1. Of the residues Trp63, Trp83, which is assigned to a helix (DSSP H, G or I), exposed (fewer than 14 other Cβ atoms within 10 Å of the Cβ), out of contact with any strand residue (DSSP E or B) (no Cβ under 8 Å at 6 or more places or on another chain) and free of Cβ contacts under 8 Å to residues at least 40 places away in the same chain?
2. Would you please list the contacts, defined by Cβ atoms under 8 Å and residues six or more apart or on different chains, that run from a residue in region 101-118 that is modelled with pLDDT of 85 or more to a residue that is hydrophobic (A, V, I, L, M, F, W, C)?
3. Kindly provide the set of residues from region 39-58 that are surrounded by 12 or more Cβ atoms within 10 Å (Cβ to Cβ) and polar (S, T, N, Q), ordered by number.
4. Here are the criteria: (1) under 22 Å from Ala9 (Cβ atoms); (2) surrounded by 12 or more Cβ atoms within 10 Å (Cβ to Cβ); (3) at pLDDT 85 or above. Tell me which single one Asp28 does not satisfy.
5. Can Ser36 be described as modelled with pLDDT of 90 or more, closer than 20 Å to Phe7 by Cα and among the polar types (S, T, N, Q)?
6. I need a count of the residues in region 63-78 that are at pLDDT 85 or above and of a type in the set (Ser, Thr, Tyr).
7. With Glu23, Glu41, Glu10 as the choices, which residue is acidic (Asp, Glu), modelled with pLDDT of 90 or more and not in a helix (DSSP H, G or I)?
8. Residue by residue through region 78-118, note down the ones that are within 16 Å of the chain's Cα centre (by Cα), among the aliphatic types (A, V, I, L, M) and more than 16 Å from Val8 (Cβ to Cβ).
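The values are calculated or read from the model by the stated rules, or taken from the named source; none is laboratory data. Quick caveat: nothing in here was measured; it's all calculated off a predicted structure. With ideal geometry, Cβ positions are generated from the backbone for all residues, glycine too; neighbour counts draw on all protein chains shown.
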Amino acid sequence: MKDPYLFVAEAHLRPGVTHDRVERVILDEMDKMARSALNDEEFGRVRRQMLSASAFMTDTVTWRAFRFGQLLATEAATSLDEWYDRLAAVTAEDVRAAAESVFQEKGRIVGWFVPEVS
């Protein structure tokens, strides 16, 4: 894996919702992503958000330099333009295949934060 970051799923529980229930919902969604590709509408929405977020993150000289350093260090791309082209070329099936590869129980760490009642 070239991306040096963890995949993190986080949830904030409403009163009365159990940690077990939220964990099960998140794991079920991850499993669903690994088994079947997103539909065209959902993939289009996520793709637009990802491209916008990626462009926004390089809006300043500092963030451009930071992103470029990440790309070179991880060998993900040799330029910002190449990175945007690669992002734009990702398909729903690519996302499904990545989820299948990454969302495996053997590499999973699940933690719950349960505040103490004072």
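1. Working: Trp83 fails: exposed (fewer than 14 other Cβ atoms within 10 Å of the Cβ).
Result: Trp63 is the single residue among Trp63, Trp83 that is assigned to a helix (DSSP H, G or I), exposed (fewer than 14 other Cβ atoms within 10 Å of the Cβ), out of contact with any strand residue (DSSP E or B) (no Cβ under 8 Å at 6 or more places or on another chain) and free of Cβ contacts under 8 Å to residues at least 40 places away in the same chain.
2. Pairs found: Val102/Met1; Val102/Phe7; Phe103/Phe7; Phe103/Met30; Phe103/Met33; Phe103/Ala34.
3. Once the filter is applied, which keeps residues that are surrounded by 12 or more Cβ atoms within 10 Å (Cβ to Cβ) and polar (S, T, N, Q), region 39-58 yields Ser54, Thr58.
4. (2)
5. Numbers: modelled with pLDDT of 90 or more: yes; closer than 20 Å to Phe7 by Cα: yes; among the polar types (S, T, N, Q): yes.
Yes; evaluated as a whole, the condition is true for this residue.
6. 1
7. Working: Glu23 fails: not in a helix (DSSP H, G or I); Glu41 fails: not in a helix (DSSP H, G or I).
Sole residue among the options that is acidic (Asp, Glu), modelled with pLDDT of 90 or more and not in a helix (DSSP H, G or I): Glu10.
8. Listed by number, the residues that qualify are Leu87, Ala88, Val90, Ala92, Val95, Ala97.
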